[in-house]
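Structure record follows, encoded as structure tokens.
The values are calculated or read from the model by the stated rules, or taken from the named source; none is laboratory data. Keep in mind that what you see is a predicted model, and the values were worked out from it rather than measured. Glycine gets a Cβ as well: all are built from the backbone with ideal geometry, and neighbour counts include every protein chain shown. Surface areas here come from the heavy atoms of the whole protein model, side chains and all, with no ligands, DNA or RNA. Shrake-Rupley method; radii C 1.70, N 1.55, O 1.52, S 1.80 Å.
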There are 2 protein chains.
Amino acid sequence: MKQKEIKIPEATIKRLSTYINCLERLDAEGFQVVSSELLGESCQVSPAQIRKDLSYFGEFGVRGVGYGTKNLAEQIKKILGLDKIWPTVLVGVGHLGHALLNFTFFREHGYRMVAAFDNDPGKIGREVTTDVIIHPIEKLVEITREERAAIGIITVPASSAQETADRLVEGGVKGILNFAPNKVKVPENVTIRNVSIVSELDNLAYLLSKKHGRRRLTRKKTISRPPKL
Amino acid sequence: MKQKEIKIPEATIKRLSTYINCLERLDAEGFQVVSSELLGESCQVSPAQIRKDLSYFGEFGVRGVGYGTKNLAEQIKKILGLDKIWPTVLVGVGHLGHALLNFTFFREHGYRMVAAFDNDPGKIGREVTTDVIIHPIEKLVEITREERAAIGIITVPASSAQETADRLVEGGVKGILNFAPNKVKVPENVTIRNVSIVSELDNLAYLLSKKHGRRRLTRKKTISRPPKL
DNA sequence: TTGTTAATGTGATAACTATCACGATAGCCG
DNA sequence: CGGCTATCGTGATAGTTATCACATTAACAA
């Protein structure tokens, strides 16, 4: 493995997360050792791709044998920083926010929901099925700072997404996961990830209309012009 | 624009979806015409990238002027197949499923939720805030076929994701959006998109531990080996 | 100890994607 | 109506990511 600050492909990081899942499943199925081929089969990634991805971070396997299932999962977690606890806050306890609060997977992966916020007085203070307390939105900055939350999750309507992001930054979070459909801007030193559910569906729609659609999108040289300006 | 069956980058399709959003916002702000620079500013994509993306499908702008805001949004929708109605079913009316059913954005983008399914008798038949009816899961294949649903959304627990996918395929859907954390397998002729919320968070965790972490991940040549096999 | 086998780790190569730079052109104004 | 300006559309180029092919090596058996 190389020592220089090699740039890791973003796609590699995405895959690492899925490897963990597959490894845990394979482990549960009784595989103490997995080959890149078996793991690849399991998570639909080519064996070569898996080996390459891992090679960016070190050597985790035994030639001629494979990878220790539990060990590899452990190592990948360390790579992704999932061996630490990430204090997290969530803003906007609507349907989606509620869903995320109850998503047990988070806790298992090292994320600790330390607080939630909403501007609906009916929801304030009430504890959900989890032990997370919902605070009024006015306390966002204060509590986020107090709890030293590193990550903020935005599940508010599009119209207030940017303002929410600003407050989270003010509260000192270092990363934001935004589920609102419009992208938000944050300072250099804060990392933002936008999850657009609609985009995913639109992507599907495109693939479907291409494969199963009646006619081609662009058959002629015809140009679609905007109305005269 | 070229006529041959050029391969469109997947990334381009993803961006097109976000362009629609930005265009609608800009339109609401009163911009009847937008330049690639303004649009780029708005959705955080380089102007050249936008022009390139659009050039795969035709010429939509006016040199020296820009793009007609409304027109461009319309054209992109046509490209993505959002000018048609996509009958959609949802399986698993838990928190997340509930959230998606109530997501008005879907309807606005051409997706019509024609039915939902759940195996909890308490939820069956009850209408949610929307006009979607929740059926017992046993009727999935039948109703999906009846309604000619093209898209299926999976929001069931990981353990039953694969079985749900199988039934959706049996019911005749052409595309599946899977929110369960484990990937599912489908036949060649069905398109699958996996949305992994945990992966997104893990990605964030990685970036944060790299930027703000105490120490580097791989400082020495040390190799992490699995326990002797 | 030495040969055999299986599966890793990785340099080289191919494929894909984004960026750049500039030619083309519509609109405007005098 | 001709020159000027703004902005598009796109071929060429640079950068990034995935695939391939094989040398390497741990385990095991005779």
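Key figures for this structure:
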{"item": "Between B and A, accessible area buried - total, square angstrom, nearest 100, 1.4 angstrom probe", "result": "7900 Å²"}
{"item": "Residues of segment A:12-48 with amide N under 17 Å of the 7 Å Cα→Cβ point at A:Glu59", "result": "A:36"}
{"item": "For B:Tyr111, residues with placed amide H under 5 Å, excluding near neighbours", "result": "B:Trp86"}
{"item": "Nm distances between copies for A:Val141, ranked from closest, using label points 7 Å along Cα→Cβ", "result": "5.9"}
{"item": "HN-Hα J in Hz across segment B:154-168 - Karplus 6.51, -1.76, 1.60, θ = phi - 60°, x for Gly and Pro", "result": "9, 10, 9, x, 3, 4, 10, 4, 5, 5, 4, 4, 4, 5, 4"}
{"item": "Label-point gap, in nm, between B:Arg107 and A:Ile85 - each point 7 angstrom along Cα→Cβ", "result": "4.4 nm"}
{"item": "Using a 7 Å Cα-to-Cβ projection, A:Glu41 label spacings across copies, nm, ascending", "result": "5.5"}
{"item": "B:Ile124 - accessible surface, heavy atoms, 1.4 Å probe, Å² rounded to 10", "result": "50 Å²"}
{"item": "DSSP bridge orientation in the protein assembly as shown - percent antiparallel, rounded to nearest 5", "result": "20 percent"}
{"item": "Evaluated over segment B:86-198, the Cα radius of gyration and Dmax, each in Å", "result": "12.6, 36"}
{"item": "Mean-position separation - Cα centroids, segment A:77-130 and segment A:2-58, in angstrom", "result": "27 Å"}
{"item": "Fraction of beta bridges assigned by DSSP in chain B that are antiparallel (%, nearest 5)", "result": "20 percent"}
{"item": "Innermost chain B residue relative to the axis carrying B onto A, by Cβ distance in angstrom", "result": "B:Ala99, 3"}
{"item": "Dipole magnitude of segment A:86-198 about its Cα centre (Cβ charges: Lys, Arg +1; Asp, Glu -1), debye to nearest 20", "result": "280 debye"}
{"item": "Rg to Rh, two decimals, where chain A supplies the alpha carbon set and Rh follows Kirkwood", "result": "1.06"}
{"item": "Which of A:Ser35, A:Ser42 is most accessible, then next, and so on - probe 1.4 Å", "result": "A:Ser35, A:Ser42"}
{"item": "Farthest positive-ward along the protein assembly as shown dipole, Cα basis, beta-carbon charges - from A:Phe105, B:Thr12, B:Ile176", "result": "B:Thr12"}
{"item": "Dipole axis of segment B:86-198 (+1 Lys, Arg; -1 Asp, Glu on Cβ), positive-most option in B:Gly92, B:Ile197, B:Ala161", "result": "B:Ile197"}
{"item": "Other copies of B:Gly125: label-to-label distances in nm, shortest first, labels 7 Å along the beta-carbon direction", "result": "3.9"}
{"item": "The protein assembly as shown: C-alpha gyration tensor shape, a/c 1.5 cut-off, then a/b vs b/c", "result": "rounded"}
{"item": "Whole-Hz couplings from phi, Karplus 6.51/-1.76/1.60, listed for segment B:50-57; x for Gly and Pro", "result": "4, 4, 4, 4, 5, 5, 5, 10"}
{"item": "Whole-angstrom Cα spans of segment B:1-53 along principal axes, big to small", "result": "37, 19, 16"}
{"item": "Student exercise, segment B:1-103 dipole from Lys, Arg, Asp, Glu Cβ charges, in Debye to nearest 20", "result": "360 debye"}
{"item": "Relative contact order (%) - criterion: Cα under 8 Å, at least six apart; region: chain B", "result": "12 percent"}
{"item": "List A:Val91, B:Val65, ordered by accessible area with a 1.4 Å probe, largest first", "result": "B:Val65, A:Val91"}
{"item": "Given charges at beta-carbon only (K, R positive; D, E negative), |dipole| of chain B in Debye", "result": "1800 debye"}
{"item": "Average other protein chain Cβ within 10 Å of Cβ, residues B:10-20", "result": "4"}
